[in-house]
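First up is the structure itself, then whatever we jot down about it.
The values are calculated or read from the model by the stated rules, or taken from the named source; none is laboratory data. Just so you know, these numbers come straight off a predicted model, no measurement behind them. Glycine also receives a Cβ, built like all others from the backbone with ideal geometry; neighbour counts cover every protein chain displayed. Just so you know, the surface numbers come from the protein's heavy atoms only, side chains and all, with ligands and any DNA or RNA stripped out. Shrake-Rupley method; radii C 1.70, N 1.55, O 1.52, S 1.80 Å.
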Amino acid sequence: LKRMEKKLDSLENIDYVVRDGENPPTKLKNNKIIKPFEELVKMYGMPKMDELDPTWFVALTTFVMFGFMFGDVGHGLVFLILGIILLIKKSKTYGAILFAGGLSSTIFGVLYGSVFGKEEIIKPILISPMNNINTMLVYGIAVGTVFILMAMALNIINGIKNKDMKKVFLDKNGVAGVVLYGIVLANVAYYFLAGKMLISLNLIIAISVILVLIIMFNDQITNFLEKKKEKATTPIVEKLFEIIEMLLSFLSNTISFLRLAAFAINHAGLCMAVYLLANMTTGAGNILIAVLGNIIVLVLEGLIVGIQTLRLEYYELFSRFYDGSGKEYKSIKTQLEE
């Protein structure tokens, strides 16, 4: 700003105004690999100047979630080829996203041993979804909890960046929330694996109550530590409802990731139905039904899985760390062209 003012002062017939207190525009800067995913971030909202750019997080999580739900070598390669065609036709953003989705589907298809819904062509490296339904559900929850913890870690980083100690330590998505969520999660997982609690139930309850109280009265604790004389204005009843909402959101957000496994199983079921119908006929009819059925699965399931991926991204993950109320930087040239 100082350099700009000096430059403007040196020019004749130039009037200008410096306005303070406004939300500065944001320009996202990412490498070519993850840059296309900026469009998914912008659909939710631009990060403010003091927020982390979540593009890399979106690229990673959407890549994993899409492939998890739509793991198929054949269908994945179709998406991949369509993505390349769009890239050639200079639709770089959506071509790259479609290419990434196809690559993810292909990788998970190899892990699942699925080629156009057929699971006898190649052997699964990791798991066959239809034959291991319960294990798939556990995998879905496991992936979801990792992503939720990552989102909470990003909230802590945002707090550190803004020097907001309440957000870092006392927030429901801060250190207190991470410990609360982590300790309950670890004990539930250990109970299912070993048949016993990692620590005693009484200790879990005691720690959880302390953490809930810290989150509930974080305003008062912050004012006390910072020696502020401000009084918290939020009624106790409202705080109680906020705590109930927080606990329910931990549960619902985690359970919501069951859809990762559900759609992987659903894919196998849909393809099985297509081939059952195809096998009722012979010759050209068999091939026609199989081809049309796969096209329907490709379009319908591809659309639904894409929507579900964005739903998990925006509601289960972004809500924990991302505000997105910033505005995009546009050069004067771009504004004139519009």
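Working carefully through the options Gly159, Gly144, Gly117, find the one that is open to solvent by less than 80 Å² (accessible area, probe 1.4 Å), at positive phi and in contact with a helix residue (DSSP H, G or I) (Cβ under 9 Å, 6 or more places away or on another chain). Before you say what the answer is, go through the steps one by one.
Numbers: Gly159 fails: at positive phi; Gly144 fails: at positive phi.
Answer to the check: Gly117.
When the residues of the range 162-185 are filtered to those that are open to solvent by 30 Å² or more (accessible area, probe 1.4 Å) and without any contact (Cβ under 8 Å) to a residue 24 or more places away in the chain, which remaining residue is farthest from Glu245 (Cα to Cα)? Working first, answer last.
Of the range 162-185, the ones open to solvent by 30 Å² or more (accessible area, probe 1.4 Å) are 162-167, 169, 171-172, 175, 178-179, 183-185.
Right, trim to without any contact (Cβ under 8 Å) to a residue 24 or more places away in the chain and you get 163-164, 167, 169, 175.
Values: Lys163: 26, Asp164: 23, Lys167: 18, Phe169: 19, Val175: 18 Å.
By that ranking, first place goes to Lys163.
I'm told Gly71 meets every condition in (1) crowded, with 17+ Cβ neighbours inside 10 Å; (2) assigned to a helix (DSSP H, G or I); (3) in contact (Cβ under 8 Å) with a residue 40 or more places away in the chain except one. Can you identify the failing condition by its number?
Only one criterion is unmet by Gly71, namely (2).
Collect the residues in the range 80-108 that are modelled with pLDDT of 95 or more and of a type in the set (Ser, Thr, Tyr), keeping them in residue-number order.
Once the filter is applied, which keeps residues that are modelled with pLDDT of 95 or more and of a type in the set (Ser, Thr, Tyr), the range 80-108 yields Ser104, Ser105, Thr106.
Considering each of Leu310, Leu247 in turn, give the residue that is of a type outside the set (Asp, Glu), open to solvent by 80 Å² or more (accessible area, probe 1.4 Å) and either free of Cβ contacts under 8 Å to residues at least 24 places away in the same chain or touching a helix residue (DSSP H, G or I) at 6+ places or on another chain (Cβ under 9 Å) (or both).
On the way: Leu310 fails: open to solvent by 80 Å² or more (accessible area, probe 1.4 Å).
Going through Leu310, Leu247 in turn, just one is of a type outside the set (Asp, Glu), open to solvent by 80 Å² or more (accessible area, probe 1.4 Å) and either free of Cβ contacts under 8 Å to residues at least 24 places away in the same chain or touching a helix residue (DSSP H, G or I) at 6+ places or on another chain (Cβ under 9 Å) (or both): Leu247.
Considering only the range 1-51, state which residues are hydrophobic (A, V, I, L, M, F, W, C), within 19 Å of Tyr322 (Cα to Cα) and either outside any loop (DSSP other than H, G, I, E, B) or in contact with a Leu (Cβ under 7 Å, 6 or more places away or on another chain) (or both). Reasoning before the result, please.
Restricting attention to the range 1-51, the residues satisfying the condition of being hydrophobic (A, V, I, L, M, F, W, C) are 1, 4, 8, 11, 14, 17-18, 28, 33-34, 37, 40-41, 43, 46, 49.
Narrowing the set further to residues that are within 19 Å of Tyr322 (Cα to Cα) leaves 28, 34, 37, 40-41, 43, 46, 49.
Result: Phe37, Leu40, Val41, Met43, Met46.
Of all residues in the range 298-338, which are under 14 Å from Val41 (Cα atoms) and assigned to a helix (DSSP H, G or I)? Outline the logic, then answer.
From the range 298-338, those under 14 Å from Val41 (Cα atoms) are 309-315, 317-319, 321-328; that's our starting set.
Those that are under 14 Å from Val41 (Cα atoms) and assigned to a helix (DSSP H, G or I): Thr309, Leu310, Arg311, Leu312, Glu313, Tyr314, Tyr315, Leu317, Phe318, Ser319, Phe321.
Any idea which of Ile204, Ile215, Ile210 is out of contact with any Phe, Trp or Tyr (no Cβ under 8 Å at 6 or more places or on another chain), part of a helix (DSSP H, G or I) and open to solvent by 90 Å² or more (accessible area, probe 1.4 Å)?
Details: Ile204 fails: open to solvent by 90 Å² or more (accessible area, probe 1.4 Å); Ile215 fails: open to solvent by 90 Å² or more (accessible area, probe 1.4 Å).
Result: Ile210 is the single residue among Ile204, Ile215, Ile210 that is out of contact with any Phe, Trp or Tyr (no Cβ under 8 Å at 6 or more places or on another chain), part of a helix (DSSP H, G or I) and open to solvent by 90 Å² or more (accessible area, probe 1.4 Å).
Scan the range 226-234 and give yes if some residue there is closer than 30 Å to Lys163 by Cβ and modelled with pLDDT of 95 or more, otherwise no.
Our first condition is that a residue be closer than 30 Å to Lys163 by Cβ; within the range 226-234, this holds for 226-234.
Narrowing the set further to residues that are modelled with pLDDT of 95 or more leaves none.
The answer is no, given that none of the residues of the range 226-234 is closer than 30 Å to Lys163 by Cβ and modelled with pLDDT of 95 or more.
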